[in-house]
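Trainee: Take this structure, written in structure tokens, and hold onto it; I'll ask about it next.
The values are calculated or read from the model by the stated rules, or taken from the named source; none is laboratory data. The structure presented is a predicted model; accordingly, all values stated were derived computationally and were not measured. Counting neighbours? That spans all protein chains shown, and the Cβs are built from the backbone with ideal geometry, glycine included.
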Amino acid sequence: MQKTPISKEGWEALRTELNFLLDVERPRVVDEVAFAAAQGDRSENAEYIYGKRRLREIDRRIRFVSKRIDSVVVVEGPPPGQGEIRFGARVELRQDSGKTMTVRIVGEDEIDPSSGRISLKSPIGKALIGRKAGERIEVPTPRGAVVWIVSALDYGE
């Protein structure tokens, strides 16, 4: 099985979520379900029914996050040969029209387009990998290819 790259911050976020679900959220919901079950008839007990549903959702999320943690590899620090765009790079792009965009290449679990965090498997991520500052890239989109120029590249926070 091929491991998916993730930053240290992304891995810590997954661990924090898992710990919260296991140590805080699940025990709280188990207590709520036990209290609701003690109330009597469970067939019409909305708190019990909702609590059991919520417990299944939590257990599903715990399984998912646990599997994700097992399937990732933490990538720390800048890669060798920092002149090329690799995982973790912050890249400033511009178009001939003057439009600019700054993106950071991250793993699948860290995607947040509103803050410029894009997957290395996205079309623009794929187009950027291995490129250098000053190069032109062509990104396929549903409306046709878009051309960007890599104007800056760094690996700092």
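Trainee: Tell me the residue from S114, S66 that is without any contact (Cβ under 8 Å) to a residue 24 or more places away in the chain, among the small types (G, A, S) and outside any loop (DSSP other than H, G, I, E, B), please. Spell out the reasoning first.
Mentor: Working: S66 fails: without any contact (Cβ under 8 Å) to a residue 24 or more places away in the chain.
The unique qualifying residue is S114.
Okay, residues lined up against (1) touching a helix residue (DSSP H, G or I) at 6+ places or on another chain (Cβ under 9 Å); (2) charged (D, E, K, R):
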| site | (1), (2) |
| --- | --- |
| W11 | yes, no |
| L18 | yes, no |
| V24 | no, no |
| E44 | no, yes |
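Trainee: Here's a follow-up. Among the numbered criteria (1) assigned to a loop (DSSP other than H, G, I, E, B); (2) out of contact with any Phe, Trp or Tyr (no Cβ under 7 Å at 6 or more places or on another chain), which single criterion is violated by R42?
Mentor: Failing condition for R42: (2).
Trainee: Continuing with the same structure: Within the group V33, V91, which residue is buried (at least 17 other Cβ atoms within 10 Å of the Cβ) and either modelled with pLDDT under 90 or in a helix (DSSP H, G or I) (or both)? Write out each step before concluding.
Mentor: On the way: V91 fails: either modelled with pLDDT under 90 or in a helix (DSSP H, G or I) (or both).
That would be V33, the only listed residue that is buried (at least 17 other Cβ atoms within 10 Å of the Cβ) and either modelled with pLDDT under 90 or in a helix (DSSP H, G or I) (or both).
Trainee: Is it the case that the range 59-70 has a residue that's under 31 Å from the mean Cα position of the chain (by Cα), modelled with pLDDT of 95 or more and either farther than 30 Å from G107 by Cβ or acidic (D, E) (or both)?
Mentor: Yes: the range 59-70 contains one or more residues that are under 31 Å from the mean Cα position of the chain (by Cα), modelled with pLDDT of 95 or more and either farther than 30 Å from G107 by Cβ or acidic (D, E) (or both).
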